[in-house]
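One structure is given below, encoded as structure tokens.
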Amino acid sequence: MELYAQRKNGSEFPVEISLSNFASQEGAFVIAFIIDITQRKKSEELIRKEKEIAQMYLDIAPVLFVVIDRDEKVMLINQNGCRMLACQENEILNKNWFDSFVPDNERKNSRELFRNLIDGKLGAMTTVENEIINTKNERKLISWKNTIIRDEKGNALATLSAGEDITESKRQKNMIDK
């Protein structure tokens, strides 16, 4: 458990306390391990603030940002992505991207493209276009730039994709071409 301890000067600091039962011939005892976790708490707070700043930058971007892990689950999405999909972040995270937000007729090809990216068979930053479908059953044509997120050993963990809604510009171009 985590609590606050008090120094002789009256200031408080965070500690982690672990308790363990110990039995001997002399009776039952409780052993307590108390660890000062001040540095860990400072590090956790710094990481939290950095994540908030990164999320803020993602949220002001005029494109959809989405991180999809190897299991095809959405791990991160920005606010523009939530608007495009017409739902809240908590309704998107941990859902299978392809089953939830790719139309049936495009699902197989999109999955294959994803697998090729994750497996290194397709170069990152390749531009591709495909449709997504939101919770209002509206289809949007998205132009994607994809990159791979790797661990320290170079193994692919997920894709980071930036998608621009090109539905209207394609529609206008098709009208002009006709």
Among the residues of segment 120-178, how many are in contact with a Phe, Trp or Tyr (Cβ under 8 Å, 6 or more places away or on another chain) and within 14 Å of Ser110 (Cβ to Cβ)? 8
Could you please find all residues in segment 48-86 being open to solvent by 40 Å² or more (accessible area, probe 1.4 Å) and within 20 Å of Leu113 (Cα to Cα)? Phe65, Arg70, Asp71, Lys73, Met75, Leu76
Selection from segment 87-100 of residues that are surrounded by 13 or more Cβ atoms within 10 Å (Cβ to Cβ) and farther than 25 Å from Glu112 by Cα: Cys87, Glu89
All positions within segment 1-18 that are loosely packed, with under 10 Cβ neighbours inside 10 Å and aliphatic (A, V, I, L, M): Met1
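Is it true that some residue in segment 134-144 is without any contact (Cβ under 8 Å) to a residue 60 or more places away in the chain, of a type in the set (A, V, I, L, M) and open to solvent by 30 Å² or more (accessible area, probe 1.4 Å)? Break it down stepwise before answering.
Quick first cut of segment 134-144, residues without any contact (Cβ under 8 Å) to a residue 60 or more places away in the chain only: 134-141, 143-144.
Going one step further and asking which of them are of a type in the set (A, V, I, L, M), we end up with 141.
Filter once more, keeping what is open to solvent by 30 Å² or more (accessible area, probe 1.4 Å): 141.
Yes - at least one qualifying residue is present in segment 134-144.
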For segment 165-177, state whether one or more residues are in contact (Cβ under 8 Å) with a residue 12 or more places away in the chain, assigned to a strand (DSSP E or B) and at negative phi. yes
List pairs: first in segment 101-119 and free of Cβ contacts under 8 Å to residues at least 60 places away in the same chain and under 17 Å from Arg70 (Cα atoms), second open to solvent by less than 60 Å² (accessible area, probe 1.4 Å) and among the aromatic types (Phe, Trp, Tyr), Cβ under 6 Å, 6+ apart or cross-chain? Arg107/Phe98; Ser110/Phe98; Arg111/Phe98
Name the residues in segment 20-64 that are assigned to a helix (DSSP H, G or I) and either touching an Asp or Glu at 6+ places or on another chain (Cβ under 6 Å) or of a type in the set (D, E, K, R) (or both), would you? Arg40, Lys41, Lys42, Glu44, Glu45, Arg48, Lys49, Glu50, Lys51, Glu52, Asp59
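The values are calculated or read from the model by the stated rules, or taken from the named source; none is laboratory data. Just so you know, these numbers come straight off a predicted model, no measurement behind them. Positions of Cβ are backbone-derived with ideal geometry, glycine not excepted, and every protein chain shown enters the neighbour counts. To get the accessible areas, we keep the full protein, side chains included, count just its heavy atoms, and leave off ligands, DNA and RNA. Shrake-Rupley method; radii C 1.70, N 1.55, O 1.52, S 1.80 Å.
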